[in-house]
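Heads up, the thing below is written out as structure tokens.
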Amino acid sequence: MKKSTALFFICSLVLISGFNAQVTSKPDPTASPIEVKTTTTSIHDKTTTIISTTSIKTTISTTENPKTTSNPTTASVSTSTSAPATTPVPDPQAAKWSISDKDNVIIVNMAVQLSITYNVKNDEKVKNKTVLIDIPSNNQTIASGNFSSNLQTIILSWKSSGAGNNSFSLTFKKSNVSKTYWLSQLEVQVQAEDLPGVDPSVTLKVFHNQEHFNTSLGNSYQCNKLQPFSLMKENDTQIIGYVNITDIKFQAFKTGHDTSFDHAEVCAFDTPDIVPIAVGCILAGLVVTILVGYLITRRRSQARGYLSM
């Protein structure tokens with residue numbers, strides 16, 4: 001009886017071992033890994049093998065390859081529309097002109113710029129327009145003039161932008177009584193082609209009829225500062241422009257043919273700064289001298305008073 005029982009257990013063990021071998025030898029490739037624990041329990045010399053599934057470990061590893069989505073970059077082009085730079089009008093250049101007749105000479109050295117303001121009608125609207133015209137300092141400007149006993153005029157002419165000529169004249173007047181002469185009139189003529197928007201058949205003629213720069217006969221006159229002269233139409237009081245003259249030096253009623261300037265009478269604006277400084281120092285010295293003399297005299301008077309007592 002005991003032998004048959006032992007044989008039964010041995011056969012059972014063999015069958016269980018074979019079944020276990022089949023289970024572990026052919027794993028399902030699609031199945032999750034299974035962890036198997038075998039517990040052997042010995043009870044009264046009986047060996048029982050219990051197969052217990054304690055845990056099923058399923059590991060799902062998902063690796064996502066990052067997809068780099070590159071958004072197209074829109075390049076923004078900044079276009080700055082700026083007004084073209086305005087070319088500044090250069091200052092006029094000084095030049096020397098002279099004319100002569102049999103026994104007289106007029107000499108002028110200066111830089112001249114004309115500033116003319118006029119009305120332009122556009123789309124039923126009237127607008128003011130200003131043009132600047134420099135008298136050329138090169139050979140393009142031709143000097144001519146008129147001579148009389150008491151009046152002398154020098155006329156400077158240069159070609160306009162069209163077919164005509166512009167002109168600027170200075171008239172000098174003298175007095176035999178005072179033995180002086182002065183600038184008595186300025187006249188400007190500008191062709192329409194140099195005045196955009198003006199009737200092409202119109203020639204602008206403006207004047208300055210005031211006396212300036214009284215000078216002794218035989219001397220020249222010099223002023224380096226800017227001298228603006230207002231311009232008006234004939235028999236009109238409305239100012240429509242200016243003649244701006246700098247570095248002016250002139251001499252009229254000069255006898256002979258020499259074109260060099262004689263002794264110059266300088267305008268008050270060109271007086272050197274040393275002159276008022278010197279005058280101020282002299283006045284300050286006089287004040288100090290008078291004050292010191294007063295104090296000395298007073299002290300002596302007081303001393304004499306003490307002695308008399």
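Below are the figures for this structure:
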| quantity | calculated |
| --- | --- |
| Listing of strands (runs of 3 or more DSSP E) fully contained in region 169-283 that carry 3 or more residues being of a type in the set (S, T, N, Q) | 180-191, 212-216, 239-255 |
| Some residue of region 256-270 being closer than 17 Å to H208 by Cβ, at pLDDT 95 or above and of a type in the set (F, W, Y) | no |
| From the options I245, I240, residue that is in contact (Cβ under 8 Å) with a residue 40 or more places away in the chain and farther than 16 Å from S167 by Cβ | I240 |
| Pair list, Cβ under 6 Å, 6 or more apart: region 114-133 residue of a type in the set (D, E, K, R), other residue modelled with pLDDT under 80 and in a strand (DSSP E or B) | K127/V120; K129/V120 |
| Qualifying residues in region 114-155 (those that are touching a Pro at 6+ places or on another chain (Cβ under 8 Å) and charged (D, E, K, R)) - the one most open to solvent (accessible area, probe 1.4 Å) | K129 |
| Region 161-217: number of residues that are free of Cβ contacts under 8 Å to residues at least 60 places away in the same chain, of a type in the set (A, V, I, L, M, F, W, C) and surrounded by 13 or more Cβ atoms within 10 Å (Cβ to Cβ) | 6 |
| Matching residues, region 132-149, being in a strand (DSSP E or B) and of a type outside the set (G, A, S) | L132, I133, D134, I142, N146, F147 |
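The values are calculated or read from the model by the stated rules, or taken from the named source; none is laboratory data. The model shown is predicted, which means the values in this text are computed figures rather than measured ones. Every residue, glycine among them, receives a Cβ derived from its backbone with ideal geometry; neighbour counts consider all protein chains shown. What goes into the accessible areas is simple: the full protein's heavy atoms, side chains included, and nothing from ligands, DNA or RNA. Shrake-Rupley method; radii C 1.70, N 1.55, O 1.52, S 1.80 Å.
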